[in-house]
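The values are calculated or read from the model by the stated rules, or taken from the named source; none is laboratory data. Here the structure is a predicted model, which means the values were calculated and not measured. Cβ: placed from backbone, ideal geometry, glycine included. Neighbour counts: every protein chain shown.
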Amino acid sequence: MKNKNKVTRRRFMRDTAFAAAGFGSVFASAKATAGPEATEKPQKPKYPQVPRRKLGKTGVEVPCLALGTMFNLIDAQVVLRSTLNHGANYWDTANVYAGGNSELGIGKYLLKNPQVRKDLFLATKASGAKTVADVEKRLQTSLKRMNTKYIDLYYAPHGATDPGQFTNELKQWAESAKKRKLIRFFGFTTHKNMADCLAAAAKLDWIDAVMTSYNFRLMQDPKLLDAIEACHKAGIAIIAMKTTGRTTLERFKLTIETEADKKLVRNFIQRGFSPEQAAIKLVLQDKRISAAPVQMENVAVLTQNVAAVLDKTKLTRTDIEIFNEYARATCTGYCAGCANICDSALPETPYVSDIMRYLMYYNSYGDRDRARELFAQIPARVRNKLLDFDYRPAEARCPQHLPIRNLVAEAVSKLA
């Protein structure tokens, strides 16, 4: 007889059934995150609810699984409705996602359902802003697109790379935006030189939250772990993105070829969930993480991820070691964002980590237009000579042992 506590795949997927009997009492105490105009009217939820966590020192709670919306929401309104059914009422977007159609899709939903705004936790980002004036302009555009008077969490910069970006002028703008009730909380995102940016944020009393790349691969970086701990102690909420540790080499994701691939898949299928679900569970097993926005373009993916966070099974030391082994075995397919290393090795082209990220958008996310758009922003004098540079110094220093020249060549062929 099988151990009754073992989570089988059938049981695991059964737990995603809508309005499953017995879940109501377990999750009925989940608190709603409300905006400034909200009034609390506790009701017993009809569907199983995503667990909630404190958002740093802000005093509010958010669902630990958030909706990442780097896709066209105008045509995916059912996904927005489905998140609300499960209490995943934290929607994370950005000014540039899907060419603006992510924010416009949220605006379409709120225009038809204005009553839900008070129960939403809405986050967006000042994509591409270079100055405080740009940040203000991006905010006003986002407010208009989404048919809302305020943003719960606003990120600027979107993609911080240097602590020098956290200026006093930006601090003053954030304080002004809060006083004008245009935003509730302020932070920044980073997927390049993350450890340095987080360590700097821990010393600033005006940062409420930081969104950083964090997954089973990046857990191998002690410097990043120390920076996360410093932010946690300072009361700064940590929002984890890129939680599944997707590779820049799409073939690794699509094909089970190596023994490491087989061991990873076999272990977690036997445990009752997919490697992707396990990766999300691993990140959220770290209680310092307030939430993880995950891109969920359809209800099927949403259902699978909700199941992952509802499931009570803890990953074991063996599970974690299997992830560690897989990270080591496949590290040549993942850029860890330690751009300062590449930049120092290749001073003439400080864009290597950016190119790796754009290639990931193209290969893993399928966001080809966005990848090409970002690649086109690299100065032409650099872009046109990318195949002429000697990448061996950077390859020699890369902790992940990336085949940098081959990846750059792949990016040029796909994105140029």
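Check off (1) closer than 20 Å to SER213 by Cα; (2) out of contact with any strand residue (DSSP E or B) (no Cβ under 6 Å at 6 or more places or on another chain) for ASP319 and give me the number that stays unchecked.
It fails just one condition, (1).
Any chance segment 163-186 includes a residue that's buried (at least 16 other Cβ atoms within 10 Å of the Cβ), touching a residue at least 60 places away in the same chain (Cβ under 8 Å) and assigned to a strand (DSSP E or B)?
So far as segment 163-186 goes, yes, one or more of its residues are buried (at least 16 other Cβ atoms within 10 Å of the Cβ), touching a residue at least 60 places away in the same chain (Cβ under 8 Å) and assigned to a strand (DSSP E or B).
Can you run down the residue pairs with Cβ atoms below 7 Å, 6 or more apart or on separate chains, where the first is in segment 285-297 and assigned by TED's automatic domain parsing to the domain that holds ILE228 and the partner is of a type in the set (Ser, Thr, Tyr) and assigned to a strand (DSSP E or B)?
Every condition considered, the pairs that remain are ALA291/TYR90.
This table checks each residue for (1) buried (at least 17 other Cβ atoms within 10 Å of the Cβ); (2) outside any helix (DSSP H, G or I); (3) aromatic (Phe, Trp, Tyr); (4) touching a residue at least 12 places away in the same chain (Cβ under 8 Å).
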position	(1), (2), (3), (4)
ASN340	no, no, no, yes
ASP343	yes, no, no, no
PRO347	no, yes, no, no
SER353	yes, no, no, yes
MET356	yes, no, no, yes
MET360	yes, no, no, yes
SER364	yes, no, no, yes
ALA371	yes, no, no, yes
ASP390	no, yes, no, no
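If you check THR167 against the conditions, is it in contact with a Leu (Cβ under 7 Å, 6 or more places away or on another chain) and among the polar types (S, T, N, Q)?
no
I need the full set of residues from segment 205-237 which are under 16 Å from the mean Cα position of the chain (by Cα), within 18 Å of GLU61 (Cα to Cα) and free of Cβ contacts under 8 Å to residues at least 40 places away in the same chain, in order please.
The one that is under 16 Å from the mean Cα position of the chain (by Cα), within 18 Å of GLU61 (Cα to Cα) and free of Cβ contacts under 8 Å to residues at least 40 places away in the same chain: VAL210.
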